[in-house]
Structures are given as C-alpha cells and as structure tokens.
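Taking it in order: structure first as structure tokens, then the write-up.
Bear in mind these aren't lab numbers, they're just calculated from the coordinates by the rules spelled out. Everything numeric in this text was worked out from a predicted model, so none of it was measured. Here the Cβ positions follow ideal geometry from the backbone for every residue, glycine too, while neighbour counts run over all protein chains shown.
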Amino acid sequence: MLISFSKRFLFIANTKTASTTIERNLRRHADISISATRLGKHMSYSQVLKNFKFVFRKSGAAADEYFRFGVIREPVDWVVSWYNYRHRDQLMSNSAKMKKSTHGITFEEFVFEMMKPANRGKFAHIGNQLAKFTANDGSLGVDYLIPLSRVETELQIIATELGIKKAFPKEKKSANASPRVIGVNDVTPEIASKLRTYFAEDLDTFHRAESGAFGDPREIIRAKRKEQKPFLQEKETGSDDSPLFLV
C-alpha cells in the first residue's frame, strides 16, 4: 500500500498481482509505504480510510481527491497463483507454516476447501479481490483497475501522467514469484467454471478493467489535478507535524 501526497496517488496492493514489483518502483515517490504483509501491505481501501483518516486530513485532501488504483487478475489465474504460492518449500520449515501449505493437496481439493462457507483449512484462506477495492458501503472505492496482463504498459502510462518520468525497469524475474506447480491450462473446465461462478463479481470487475470500462487513466488524473487543493494545508496554526513514512 502506497500513499503519495505530492503525486496524489493511492495504490491498493491486491494479492498475487505483482504488487511487490509495483511497490519497488513507486515507493520512492510515496510518503507512506507499507510493504510488509504483517503490517498491512494488503489492507483494503476501506481499511486505508479507517487507519489513515488523520493522514488525509493532514494532507488537505480527502481520499477521493487522490488517484486511487490497483491491479486485478482473472479469477482462475489468481486462484492458481495462490495454490502455487502456497506450495513453496519454505512453508514446510515448521509446523505453524505447514498448515498454510498446499503440499500433498491437489488443486481440486484446494478449490473445494476454499469454497467452504466456514471452517476452511488455513491453506485455503485467500479471500477475494473485489473486497480490496470497495468502501464500507460496498461501492467501488478506486478510480482505476489495471488488468494484470497489461500491468507493465498501463503502469508506465499512469506513472508518466503522475509526473514520474523514469521508466520502470524490466525485471528478469517477478518479485515474490510463485513456484510453478500447475498452470491455468491444467485446470479442468468444470473447476474453472465453478471458480468463475464463485468469484462472479471479481470476474465482472476484471472484464470491466480489461475492456477499458474505467476510462483513460490519464484523463482521470488530469480531472483530479484540476480540482486539487494546495498540498499539505495546515489546519492548526503552529503545527509542525511531518508526513509519515512507514515500511
């Protein structure tokens, strides 16, 4: 999760969507950066509003005056990535971590456990994608979602419009990459259909992102820029509080 006062952007880090790579490239432009999962790297938009209400007040701009964005992934591909990620050898290093491992568990077993309404195994807790981007009232809280398949191209377009001139370097290997145990093409049509039904809202939102339904990010940023208030307005005379930077 990243918040930049000067560039006026808020990045919501969805899971298994290249968020680690994105944060590596954008964090030097952010005033608040949370890159550790245990500290809230993947907090949702509603959690950001709750936990950083004072920050937006301090910056002189409400959260909806920032360019709010994230990345979304096709649901079957997303679940496959989670299954592969939890197949990491590191999870077999101690008994506590082993409970989150998919070693010895088939993909079908993982899916059916994940779909249980309650009492899921720890290895099957993955949530959903749309919840990351919604406000407390259930409405979408971000201005733009990038489909993972176009993340490199669209992120550069967004960065340029935000005034971040340096191109994002191509990485030989994705940060925090999952081991490849299975691929999307290995998923049976029956299981893929069940997943797309189960994650119907995620799938609809992904299709909206893929089809360009969110509009042109450059136009969204420009419109917000026209309405921006002065940066870091002081509400109280004599206040010497400085912006936070979290790691």
| Short version: ³J(HN,Hα) in whole Hz for each residue of the range 192-201, in order, from phi by Karplus 6.51 cos²θ - 1.76 cosθ + 1.60 (θ = phi - 60°), x for Gly and Pro, what are they? | 4, 5, 4, 5, 5, 6, 4, 9, 4, 5
| message | Going by Cα centres, the range 1-79 and the range 121-165 are how many Å apart? | response | 9
| Any idea what angle helix 151-162 forms with the longest principal axis of the chain, computed on alpha-carbon atoms, 0 to 90 degrees, nearest 10? | 10
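Starting from 0.36 nm per residue, how many nanometres of slack lie between residue 188 and residue 120 once their C-alpha separation is accounted for? Don't skip to the answer; put the middle values down first.
Working: separation 68, 0.36 × 68 = 24.48 nm, distance 2.24 nm.
22.2 nm is the gain from fully extending residue 188 to residue 120.
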| said: What FRET efficiency comes out for residue 135 versus residue 36 if R0 is 25 angstrom and r is the Cβ-Cβ distance? Round to the nearest 0.05. | reply: 0.55
| message | For the pairs 53/132; 97/122; 16/41; 53/165; 41/132; 16/50, flag any whose C-alpha to C-alpha distance is greater than 20 Å. | response | 53/165; 16/50
| query | Once the dipole of the range 74-130 is set up with Lys and Arg at +1 and Asp and Glu at -1 on Cβ about the Cα centre, which of 83, 94, 129 lies farthest towards its positive end? | reply | 94
| said: Expected output is a single nm value to one decimal: the length gained when fully extending between residue 24 and residue 225, i.e. 0.36 nm times separation in residues minus the C-alpha distance. What is it? | reply: 69.9 nm
| remark: From fewest to most C-beta neighbours within 10 Å, the residues 205, 197 line up as 197, 205
| field | Nitroxide proxy distance, nm - points 7 Å out along Cα→Cβ at residue 50 and residue 218 | value | 3.9
| Mean residue ellipticity (222 nm) of the chain, computed from DSSP H runs ≥ 4 via -39,500 (n - 2.57), nearest 500 | -10000 deg cm²/dmol
| remark: By the Cα gyration tensor axes a ≥ b ≥ c (a/c under 1.5 gives rounded; else a/b larger than b/c gives prolate, otherwise oblate), the shape of the range 7-59 is oblate
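Whats the longest run of the chain with zero GluC sites (Glu not before Pro) that are DSSP loop and have at most 16 other Cβ atoms within 10 Å?
Longest gap between qualifying sites, sites excluded: 1-170.
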| request: Report the extension gain between residue 96 and residue 208 in nm, rounded to one decimal, defined as 0.36 nm multiplied by the number of residues separating them, less their alpha carbon distance. | output: 36.4 nm
